[in-house]
Amino acid sequence: MMPRLSHALALAGAMALWTTTAHAHPHVWVTAKSELVYDDKADITAVRHSWTFDEAYSSYATQGLDTDGDGKLSASELADLAKVNVDSLSDFGYFTKGKANGKALAFANPTDYSLDFQNGRLTLNFTLPIKTPMPANRMLTVEIYDGTYFVAFALADGDDAAATRGAPHGCTTRIIRPKKPDEAQQQQLTEAFFEALTANANFGMQFSNRILVACP
């Protein structure tokens with residue numbers, strides 16, 4: 001399964017596939033939902049992600065995985081691919097950044113991960129534990145984005161794109177979605193543009209999806 005991955009959530013060979021049909025970033029599109037988990041001390045303990053990939057990626061990613069030939073993809077048939085994905089996420093900071101009351105959150109290795117395939121789209125579900133649970137009784141901010149903009153993340157429509165579990169009474173949740181590049185900007189996002197960026201570039205930050213939880 002390892003050769004299936006070329007960029008955390010992008011398959012090996014996927015670049016060749018997409019460059020025949022597209023000439024600019026991004027190459028993978030993800031619709032995201034997230035749940036922020038608190039304990040009984042009002043500390044933030046984990047972020048639970050659910051990422052649904054576009055149909056082109058999903059189709060390519062699942063080639064040859066229906067080993068029993070029943071026309072369906074079971075959790076067991078997707079288990080190895082799920083492990084490859086989550087094992088690779090650490091190289092990219094899990095595409096997730098967070099702060100609790102201004103202090104950065106450090107994430108442990110993903111747990112409770114799985115893949116499912118419905119309506120032609122692949123969904124990765126996983127939990128990001130926080131290494132040291134932190135008080136978030138004033139402000140919690142979680143951002144989801146790919147700094148290279150190879151993967152384009154978008155929080156799902158509706159307020160349920162960001163939920164809390166166990167948050168203190170009186171907390172409010174706000175979603176800030178990024179503006180999409182206009183047609184002129186999109187035309188400038190060629191492979192040459194991204195190849196010219198330095199290793200420290202964080203172009204994708206401007207397309208960050210932000211979840212804010214404010215507590216009294």
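Within the range 26-60, which residues are among the aromatic types (Phe, Trp, Tyr) and without any contact (Cβ under 8 Å) to a residue 60 or more places away in the chain?
Tyr60
Among what's in the range 70-84 and is assigned to a helix (DSSP H, G or I) and touching a Phe, Trp or Tyr at 6+ places or on another chain (Cβ under 8 Å), pick the residue that is surrounded by the fewest Cβ atoms within 10 Å (Cβ to Cβ).
The extreme case among them is Lys83.
Go through the residues of the range 203-215 one by one and say whether even a single one is crowded, with 16+ Cβ neighbours inside 10 Å and among the basic types (Lys, Arg).
yes
Are any residues in the range 96-116 among the hydrophobic types (A, V, I, L, M, F, W, C) and farther than 13 Å from Trp51 by Cβ, and if so, which ones?
Ala100, Ala104, Leu105, Ala106, Phe107, Ala108
So for the range 14-33 (the condition being farther than 28 Å from Glu191 by Cβ and either at pLDDT 55 or above or in contact with a strand residue (DSSP E or B) (Cβ under 9 Å, 6 or more places away or on another chain) (or both)), does at least one residue qualify?
Yes: one or more hits.
In the range 44-69, what count of residues is obtained for those that are within 22 Å of Ala161 (Cβ to Cβ) and surrounded by 15 or more Cβ atoms within 10 Å (Cβ to Cβ)?
Here the count works out to 13.
Does Ala61 satisfy being modelled with pLDDT under 95 and either aliphatic (A, V, I, L, M) or in contact with a Pro (Cβ under 9 Å, 6 or more places away or on another chain) (or both)?
yes
The values are calculated or read from the model by the stated rules, or taken from the named source; none is laboratory data. Computed from a prediction, not measured in an experiment: that's the story for all the values here. Reconstructed Cβ throughout: ideal geometry from the backbone, glycine too, with neighbour counts over all protein chains shown.
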